[in-house]
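Everything below concerns the one structure shown next.
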Amino acid sequence: MKIENILLHTCCAPCSAAIIEWLLANGIRPTIFYFNPNIFPLAEYEKRKSECTRYAHLLGLEIIDGDYDHAQWLKGICGLEEQPERGERCMQCFKMRLLATAKCARLRGFKQFATTLASSRWKSLEQLSQAGQWAAAQVDGVTFWDKNWRKGGLSERRKILIQEHGFYNQSYCGCEFSQ
Ligand code: SF4
């Protein structure tokens, strides 16, 4: 599959930096989509968004600012609050974020979308793959690039870039149930 440009859903700077660097080195100039209404509280959301924006601007990349509607996100995971991480709440959370990404990709004329969520070893690759494929199936004309971002030295590069750029590195996934 030849990839020239993609819409890249990003969750935070630490998870995104090495992936974006790799994409650019491989001739792919991504447009960043920041859509993470799961993050709580608002101050934490702003902090993570600001770090992603700082990195995107440093590289001259466009960053699309998605909506932050945490109340709506809570409705989406209603009944799953007590689920453990990697359980059904996370699956639903991934689906919501990736569906919004697929819709934005369609609107902006991208054929492919991907997410940096899978770079974290705390997340289930299988869940993310399923959620991405599911989101792509809901929207005509877009496909999910299901790449394993933990390979090819990206995990090691991630640590170096966090240090190099002094990124804020959060200690929990994002929602109040993971705090
Ligand atoms: S733990 Fe993380 S992935 Fe799971 S629901 Fe909360 S924010 Fe979403």
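Since every read-out is calculated from the coordinates, none of them should be taken as a lab result. Worth saying up front: this structure is predicted, and the values here are computed from it rather than measured. Neighbour counts run over all protein chains shown; Cβ positions are idealised from the backbone, glycine included.
Between N169 and L74, full extension at 0.36 nm per residue minus the direct alpha carbon distance yields a gain of 31.8 nm.
Within the straight-line cut-off of under 22 Å between alpha carbons, the lysines reachable from K95 are K49, K75, K103, K111, K123, K147, sequence neighbours fewer than 8 places apart in one chain being disregarded. The mean sequence separation of alpha-carbon pairs under 8 Å and at least six residues apart, normalised by the residue count of the range 1-156, gives a relative contact order of 27 percent. Legend: P(r) of the range 101-179 from all alpha carbon pair distances, 5 Å bins from 0, whole percents, reading 3, 14, 19, 19, 18, 17, 10, 2, 0. In the range 30-170 the Cα-Cα distances spread across 10 Å bins starting at 0 as 11, 37, 42, 10, 0 percent of all pairs. Here the calculated FRET efficiency for W122 and N5, from their Cβ-Cβ distance with R0 = 25 Å, stands at 0.30, rounded to the nearest 0.05. Dipole magnitude for the chain: computed about the Cα centre from +1 point charges on Lys and Arg Cβ and -1 point charges on Asp and Glu Cβ, it is near 500 debye. When the chain is described by a simple charge dipole with +1 on each Lys and Arg Cβ and -1 on each Asp and Glu Cβ, the residue from L161, Y45, C11 located farthest towards its positive end is L161. In a fully extended conformation the segment linking I64 and E46 would gain 5.1 nm over its present Cα-Cα distance, using 0.36 nm per residue.
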